[in-house]
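Only one structure is covered here, and it is reproduced in the block below.
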Amino acid sequence: MKHLLKLSDISKDDILSILELADRLKAKQKKGEEHKLLAGKTLGMIFEKSSTRTRVSFETGMYQLGGHALFLSSNDLQIGRGEPICDTARVMSRYVDGIMIRTFAQQTVEDLAKFGSVPVINGLTDFAHPCQVLADFQTIREYKKRLEGLKLCYIGDGNNMANSLIVGGIKVGMTVSVATPPMHKPDSAVMDFAKNSGRFSYTDDVLKAAKDADVLVTDVWASMGQEKEAQARMKVFAGYQINSDIMSVAAKDAIVLHCLPAHRGEEITEEIFENHANVIFDEAENRLHAQKAVMVRLMGEN
Ligand code: CP
Ligand code: NVA
């Protein structure tokens, strides 16, 4: 594994070994044990979109690992004035030991990896959010003690989170059900991959998707870059909400995940969000641990 661009590039064993390392690093950090596995290394972090969790967890994680992280807003980089990604990749590779990028097109992340010579980590594109899903799986394992055999249900927009949860969920042996409005399905190649597993279902019926689910996940109705569509989306997505009706058909001990930021009263009700806040904020915390594992795996000495 050279990069983390999307979960379809990596194997089930890669995912599980990252999760195991994430658990070990979390335990060390909780006990206050030193784990400076990336001493002297620098991570460049390119942000073309806003972030709270991704920025803070990568920067803090790098510090805890003994390294350094550079916050690089695209407005301040020459990228913002049109310098091509192929040149940015070759230049940054001469300075830093790894690059994390949050951007729009998945192709930008792929090009950064292709033209650069250091590991590249996808910190969210319109297509995928692999770091978030690794943190989600770490959280599910903490609460459910396993991944294989669980039913994961995603309700909402067929966006980056949906795509990554589907690919990741299928890879680790979960059954995955998805309900979205028909015009907002997940990526078609992702759905084809999932259908081949025999453990995937897609519907526009939220109650059908949520039936007996062990893990329920949702995400915002309008992602970053879709702000102008937000009002129109409110109408289309009404009904694609995690609420008490959904919880009543899910497994009794179902957990609820949300990558955050959450819009209460839209994709999730206030009541369900607050009832499951412990899990949701553990999930947010696990961004730190899961990403430290990814960075050690990609940037550390073997
Ligand atoms: N979940 C997530 O990626 O959060 P940020 O947008 O705050 O980084
Ligand atoms: N789907 C959301 C996720 C935010 C973490 C977005 O892309 O804005």
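The values are calculated or read from the model by the stated rules, or taken from the named source; none is laboratory data. The structure presented is a predicted model; accordingly, all values stated were derived computationally and were not measured. Glycine also receives a Cβ, built like all others from the backbone with ideal geometry; neighbour counts cover every protein chain displayed.
Quick one: is residue 177 more than 16 Å from ligand 1 (Cβ to nearest atom), more than 18 Å from the chain's Cα centre (by Cα), not hydrophobic (A, V, I, L, M, F, W, C) and not in a helix (DSSP H, G or I)? Taking the combined requirement at face value, the residue does not satisfy it.
When the stretch 78-130 is limited to residues that are part of a helix (DSSP H, G or I), among the β-branched types (Val, Ile, Thr) and farther than 28 Å from residue 169 by Cβ, the one that is farthest from ligand 2 (Cβ to nearest atom) turns out to be 91. Whenever a residue of the stretch 283-302 is in contact (Cβ under 8 Å) with a residue 40 or more places away in the chain, its partners that are surrounded by 22 or more Cβ atoms within 10 Å (Cβ to Cβ) and of a type in the set (Phe, Trp, Tyr), lying with C-beta atoms within less than 7 angstrom and at least six residues away or across chains, give the pairs 291/58. Here residue 163 fulfils each of the conditions (1) in contact (Cβ under 8 Å) with a residue 12 or more places away in the chain; (2) in a helix (DSSP H, G or I); (3) away from ligand 2 (no atom under 14 Å from the Cβ) apart from (3). Residue 249 passes all but one of (1) of a type in the set (A, V, I, L, M); (2) without any contact (Cβ under 8 Å) to a residue 60 or more places away in the chain; (3) within 16 Å of ligand 1 (Cβ to nearest atom); which number fails? It is condition (3) that residue 249 fails. Restricting attention to the stretch 47-72, the residues being surrounded by fewer than 19 Cβ atoms within 10 Å (Cβ to Cβ), outside any loop (DSSP other than H, G, I, E, B) and either within 16 Å of ligand 2 (Cβ to nearest atom) or modelled with pLDDT under 95 (or both) number 2.
One line per residue, one yes/no per condition, for (1) crowded, with 19+ Cβ neighbours inside 10 Å; (2) closer than 16 Å to residue 23 by Cβ; (3) of a type in the set (A, V, I, L, M):
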| residue | (1), (2), (3) |
| --- | --- |
| 138 | yes, yes, no |
| 146 | no, yes, no |
| 150 | yes, no, yes |
| 153 | yes, no, no |
| 159 | yes, no, no |
| 167 | yes, no, yes |
| 174 | yes, no, yes |
| 186 | yes, no, no |
| 190 | yes, no, yes |
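Checking residue 135 against (1) in contact with a strand residue (DSSP E or B) (Cβ under 9 Å, 6 or more places away or on another chain); (2) within 16 Å of ligand 1 (Cβ to nearest atom), only one condition comes out false. Which one? Against the list (1) in contact with a strand residue (DSSP E or B) (Cβ under 9 Å, 6 or more places away or on another chain); (2) within 16 Å of ligand 1 (Cβ to nearest atom), residue 135 comes up short only on (1). Within the stretch 48-74, the residues that satisfy the criterion of being touching a residue at least 60 places away in the same chain (Cβ under 8 Å) and either touching a Phe, Trp or Tyr at 6+ places or on another chain (Cβ under 6 Å) or within 11 Å of ligand 1 (Cβ to nearest atom) (or both) are 49, 50, 51, 52, 53, 54, 57, 58. Residue 264 meets the conditions (1) touching an Asp or Glu at 6+ places or on another chain (Cβ under 6 Å); (2) within 14 Å of ligand 1 (Cβ to nearest atom); (3) not hydroxyl-bearing (Ser, Thr, Tyr) in every case but one. The failed one is (2).
Identify, from the list 281, 273, the residue that is touching a His at 6+ places or on another chain (Cβ under 8 Å) and part of a helix (DSSP H, G or I).
From the options 281, 273, the qualifying one is 273.
Consider the stretch 251-272 and keep the residues that are more than 14 Å from ligand 2 (Cβ to nearest atom) and within 19 Å of residue 137 (Cα to Cα). The one that is surrounded by the fewest Cβ atoms within 10 Å (Cβ to Cβ) is 253. The set of residues from the stretch 104-121 being within 16 Å of ligand 1 (Cβ to nearest atom) and either in contact with a strand residue (DSSP E or B) (Cβ under 6 Å, 6 or more places away or on another chain) or more than 19 Å from residue 157 (Cβ to Cβ) (or both) comprises 109, 121. Residue under question is residue 294, and the condition is that it be part of a strand (DSSP E or B), within 16 Å of ligand 1 (Cβ to nearest atom) and within 17 Å of residue 135 (Cα to Cα); does it hold? Taking the combined requirement at face value, the residue does not satisfy it.
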